[in-house]
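Please read the structure below before turning to the comments.
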Amino acid sequence: MLVLSNVFMLNLKVKKREIVGDKVERLREQGILPAVLYGPKVENLNIQLDSKMFDKIYEEAGTSTLISLEIEGEEFPVLIHEIRRDPITGNPIHVDFYQPILTEEVEATVAIVFEGEAPAVKDLGGMLVKEFQEIVVKALPQNLPHEIIVDVSSLKTFEDEILVKDLKVADNVTIQKEPDEVVALVAPAEKIEEEPEKPTEEEIKEDEEKEEKPEQKKENDEK
């Protein structure tokens, strides 16, 4: 297991891949996931790995935790950068592993995990509104947080809010959002029920067409 600046990384063993193009479908049928390793200091390398092992590592690491990619005895600190999925099953069909420069900051999307119980929900019958459940942060690769914990027990009234600036991260991590943006609040249940749904782009287009038709008819009558 690779150790970097007192950071222990999960280890994922992979193999170099010779099969490319349409033939990679044969690998997937055997439970093998095609992937690629790339980065500013490493040549692009086609690799393959066990699909079930990847699922296990991804569940623990996500996209913001460095893992140690082991290829024929050599280890590379990488981030899971992109996952392509089957549109029907949702299963991974290809993965990009990115080896960052460890002395340069990178951006990563981090999950927000809500914990606790909001008194405004328990005592006032409100509903917890989560404005977003993940957020982009910037830090050195080895300092990226795996997740950000948010305690909602501070939401005691309908006026209380948890803002971006209230999120607790290390000093060497920067959140890439405006500090006064709302992360979570509790709203009265009846307000949420009464709030009208926002029209879709198609509905807006239909309304515009309906408004235009009378004018077009008038022009035709004048002709």
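With respect to Val137, is the statement that it is assigned to a strand (DSSP E or B), among the β-branched types (Val, Ile, Thr) and touching a residue at least 60 places away in the same chain (Cβ under 8 Å) true?
Values: assigned to a strand (DSSP E or B): yes; among the β-branched types (Val, Ile, Thr): yes; touching a residue at least 60 places away in the same chain (Cβ under 8 Å): yes.
When the stated conditions are applied, Val137 passes them.
Got at least one residue in the stretch 80-99 being in contact (Cβ under 8 Å) with a residue 40 or more places away in the chain, surrounded by 18 or more Cβ atoms within 10 Å (Cβ to Cβ), outside any strand (DSSP E or B) and touching a Gly at 6+ places or on another chain (Cβ under 7 Å)?
Among the residues of the stretch 80-99, at least one is in contact (Cβ under 8 Å) with a residue 40 or more places away in the chain, surrounded by 18 or more Cβ atoms within 10 Å (Cβ to Cβ), outside any strand (DSSP E or B) and touching a Gly at 6+ places or on another chain (Cβ under 7 Å), which makes the answer yes.
Which of the residues belonging to the stretch 101-134 are of a type in the set (A, V, I, L, M, F, W, C) and either over 30 Å from Phe76 (Cα atoms) or assigned to a loop (DSSP other than H, G, I, E, B) (or both)?
Here is the first cut: in the stretch 101-134, the residues of a type in the set (A, V, I, L, M, F, W, C) are 101-102, 106, 108, 110-114, 118, 120-121, 124, 127-129, 132.
Ile101, Leu102, Phe114, Ala118, Ala120, Val121, Leu124, Met127, Leu128, Val129, Phe132, listed by residue number.
In the stretch 39-57, what residues are under 21 Å from the mean Cα position of the chain (by Cα) and surrounded by fewer than 17 Cβ atoms within 10 Å (Cβ to Cβ)?
Lys52, Met53, Asp55, Lys56
Go over the candidates Glu178, Glu159 one by one and state the one that is over 20 Å from the mean Cα position of the chain (by Cα), surrounded by fewer than 15 Cβ atoms within 10 Å (Cβ to Cβ), among the acidic types (Asp, Glu) and in the same structural domain as Pro119 (by TED's automatic domain parsing).
Numbers: Glu178 fails: over 20 Å from the mean Cα position of the chain (by Cα).
Matching residue, one of Glu178, Glu159: Glu159.
Find all pairs meeting these conditions: Cβ atoms under 7 angstrom apart; at least six residues apart or on different chains; first residue within the stretch 104-127 and closer than 15 Å to Thr63 by Cα; second residue of a type in the set (S, T, N, Q) and part of a loop (DSSP other than H, G, I, E, B).
So the pair list comes out as Glu107/Gln176; Ala108/Thr63; Ala108/Ser64; Thr109/Thr63; Thr109/Ser64; Val110/Ser64; Ala111/Gln133; Ile112/Gln133.
Out of all the residues in the stretch 62-77, is one or more surrounded by fewer than 17 Cβ atoms within 10 Å (Cβ to Cβ), among the polar types (S, T, N, Q) and either modelled with pLDDT under 95 or over 26 Å from Glu105 (Cβ atoms) (or both)?
The answer is no; no qualifying residue exists.
Quick check on this structure: which one of Val113, Val183, Val152, Val164 is within 25 Å of Leu10 (Cα to Cα) and modelled with pLDDT of 95 or more?
Details: Val183 fails: within 25 Å of Leu10 (Cα to Cα); Val152 fails: within 25 Å of Leu10 (Cα to Cα); Val164 fails: within 25 Å of Leu10 (Cα to Cα).
Every option except Val113 fails the conditions.
Pairs under 9 Å by beta carbon, first residue aromatic (Phe, Trp, Tyr) in the stretch 50-78, partner in a loop (DSSP other than H, G, I, E, B), six or more apart or different chains?
Phe76/Leu2; Phe76/Gln99
The values are calculated or read from the model by the stated rules, or taken from the named source; none is laboratory data. Owing to the predicted nature of the structure, the values given are computational and were not obtained by experimental measurement. Cβ sites come from the backbone with ideal geometry, for glycine too, and all protein chains shown count toward neighbours.
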